[in-house]
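Novice: Sharing a structure here in structure tokens format.
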Amino acid sequence: MLALRSKALARSAPAAARARRWASTAADKDKYKVVVVGAGSGGLTVANQIYNRFKSAGKALNPGDIAILDAAEYHYYQPGWTLVGAGLKKKDETRRKLDSLIPPHLAHVPENVKTFEPKLSSVITTSGRKISYENLVVATGLQTNWSAIPGLEKALADPASGVSSIYSYNTCDKVWRDIDALRSGKAIFTQPAGVIKCAGAPQKIMWMAWDRFQKTNRGDNISVDFYTGMPSMFSVKKYSDILDQLRKERGVGGFFQHNLVSVNPEAHKATFKTADGTVDVDYTLLHVSPPMGPLESIKNSPIADQAGWVAVDQATLRHTNPEYENVWALGDCSSLPTSKTAAAITAQAPVLTENLFSVVDTGKLAGAAYDGYTSCPLLTGYGQLLLAEFKYGLEPKESFANILGDQGTPRAAFYYLKKDFFPWVYWNYMLKGNWFGSKGFVRPTFGQ
């Protein structure tokens, strides 16, 4: 038995070496059929779906025809950072080496893009390398603007500041330490005005903290307040009304159109901008959701709209400029007028894939159209979750309502989807192109 295993290992070693040499060669090419910029949720998902789609049609692309450009060492499951902040996961469970997630038939170019040249169908990387493409898919995500709030970065770096955030790998575990350590005082949770990823996350961690305080008999000694730059609890009225009622029932303060503009960690003061000026607020614990925006490399490029997002048709995900018809985008970097979530990727990727495949195969778009579907699994406490699902026009589009009833009611079943099922399906199926959100494991056919 040992001899057989030794022979197998001996045979596999040269094969592995050949695979490494091939991968290196594929990554060194100067032109690809498809270039995907970004290896986050959107990039890995769509790259695999594009490869799978051509293969299923009997028109398989060659290994190395699709390249993924991303210099990151790790890939992060960012929805898991709320679970880390709530003490339900360890943060190292939310990241994996990027190389380990890219299959050998996809070329990985470990560089970021500095310049987009859509008229030349090429990009320039940060090292100055020029890479050409037949089709470009932009999936870079967005950037978190920590430095836009004076005092915040200093406060986050200080273990004793009481300031934390679930919006980064480096700080999400500090959230749990601060929540667990607090015995009395004022706990403040913020949400910025404007676009952020997963706009429900700022209050998810607030509800988990509130519930933790109650379950450990600290609730009477800790006040919890929600300061948001937005005019309501949530963008979709149905869910916003439910959450605002929950806020009132739980005695959580609501301060709307209060946008955090600075933090003074020495004085434990947070300054908010309102319609009437600024207001200083004392805190013991401060959870900050920072402002976000488009990447500079996109904002200053020809493919961006006036706000700095990649300008794509909201149905087809193809660029709105006819001159750039071989440019596509999905996810947080795109101009799609919907909430920026991983769930949105599950609905966007099949549409983009089908349309790109059809253009390559027939020269025409397919009948695939994105309806704006997105979802926010909104934790409201341990063992309960409100599953908000909606589409363009902020109209609810609920997947489980006919089975479990109104999704505006927090339920344990939804909680365990968020805590256990979604992370499992993300790593094992979504990133491999085999998970389609509300469609489950079955690829949508778009009327074919």
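Novice: At 222 nm, what helix-only mean residue ellipticity would the chain give, in deg cm²/dmol to the nearest 500, using -39500 (n - 2.57) for each DSSP H run of four or more?
Specialist: -9000 deg cm²/dmol, from helical runs alone.
Novice: So, for the chain, what is the accessible surface per residue at a probe of 1.4 Å, expressed in square angstrom?
Specialist: 43 Å²
Novice: Taking 37 °C and 0.692 mPa s as the conditions, I'd like the Stokes-Einstein D for region 221-355 in µm²/s, using the Kirkwood hydrodynamic radius from alpha carbon pairs.
Specialist: 183 µm²/s
Novice: Could you sort M292, M208 by their accessible area in this structure, using a 1.4 Å probe and putting the largest first?
Specialist: M292, M208
Novice: List every residue whose amide H lies under 5 Å from the amide H of E111, counting only residues 5 or more places away in sequence or on a different chain, with H placed 1.01 Å from N in the peptide plane.
Specialist: D70, A71
Novice: On to the next question. Hey, which lysines would be in cross-link range of K174, C-alpha to C-alpha under 22 Å, not counting anything within fewer than 8 residues on its own chain?
Specialist: Once the sequence-local lysines are set aside, what remains near K174 is K89, K90, K91, K154, K186, K197, K204, K215, K269, K418, K419.
Novice: Please list the non-local residues whose amide H lies under 5 Å from the amide H of V163, H modeled 1.01 Å from N, same-chain partners needing a gap of 5 or more.
Specialist: Counting only residues 5 or more places away or on other chains, the set is L286.
Novice: Find how much the distance from A57 to A71 grows on full extension, using 0.36 nm per residue of separation minus their present alpha carbon separation; answer in nm with one decimal.
Specialist: Using 0.36 nm per residue and subtracting the Cα-Cα distance, I get 1.9 nm.
Novice: Roughly how much of D30 is accessible, in Å² to the nearest 10, using a 1.4 Å probe?
Specialist: In the full protein context, D30 sits at about 110 Å².
Novice: Shape of region 146-292 from its Cα gyration tensor (a ≥ b ≥ c, root eigenvalues): rounded if a/c is under 1.5, otherwise prolate when a/b > b/c, or oblate?
Specialist: rounded
Novice: A further question on this structure: Roughly speaking, to the nearest percent, how much of the chain's 1.4 Å accessible area is carbon and sulfur?
Specialist: Of all accessible area on the chain, carbon and sulfur atoms account for 52 percent.
Novice: Can you give the longest stretch of the chain with no exposed loop site, where a site means GluC sites (Glu not before Pro) in a DSSP loop (not H, G, I, E or B) with at most 13 other C-beta atoms within 10 Å?
Specialist: After excluding every exposed loop site, the longest remaining stretch is 74-265.
Novice: Oh, and also: For A193 and W424 in the same chain, what is the full-extension length gain: residue separation times 0.36 nm, less their Cα-Cα distance, in nm?
Specialist: Once the chain is fully extended between A193 and W424, it gains 79.9 nm.
Novice: Top mean-square fluctuation among P322, P104, P79, Gaussian network model of the chain, C-alpha springs under 10 Å?
Specialist: So, out of P322, P104, P79, the one fluctuating most is P322.
Novice: While we're here: Are there DSSP H segments in the chain that both extend 20 Å or more along their axis (alpha-carbon positions) and score a mean Kyte-Doolittle hydropathy of at least -1.0? List them, or say none.
Specialist: Helices meeting the criterion: 2-27, 41-56, 201-215, 342-362.
Novice: Explain nothing, just the number: dipole magnitude of the chain about its Cα centre with +1 on each Lys and Arg Cβ and -1 on each Asp and Glu Cβ, in debye rounded to the nearest 20.
Specialist: 1580 debye
Novice: Within 10 Å of each candidate Cβ there may be at most 14 other Cβ atoms; applying that plus a DSSP loop requirement, which chymotrypsin sites (Phe, Trp or Tyr not before Pro) in region 244-310 survive?
Specialist: none
Novice: Going toward the positive end of the dipole of region 146-292, with +1 on Lys and Arg Cβ and -1 on Asp and Glu Cβ, which of A187, P159, G277 do you reach last?
Specialist: A187
Novice: How large is the charge dipole for region 311-448, taken about the Cα centre, if only the Cβ atoms of Lys, Arg (+1) and Asp, Glu (-1) carry charge, to the nearest 20 debye?
Specialist: Values: 11 positive and 12 negative charges, 78 e Å.
Computed charge dipole of region 311-448: roughly 380 debye.
The values are calculated or read from the model by the stated rules, or taken from the named source; none is laboratory data. The structure displayed is predicted, hence computed values, not measured ones. Cβ coordinates were reconstructed from backbone atoms using ideal geometry, including for glycine residues, and neighbour counts include every protein chain displayed. Heads up: the accessible areas ignore ligands, DNA and RNA and are worked out on the full protein's heavy atoms, side chains in. Shrake-Rupley method; radii C 1.70, N 1.55, O 1.52, S 1.80 Å.
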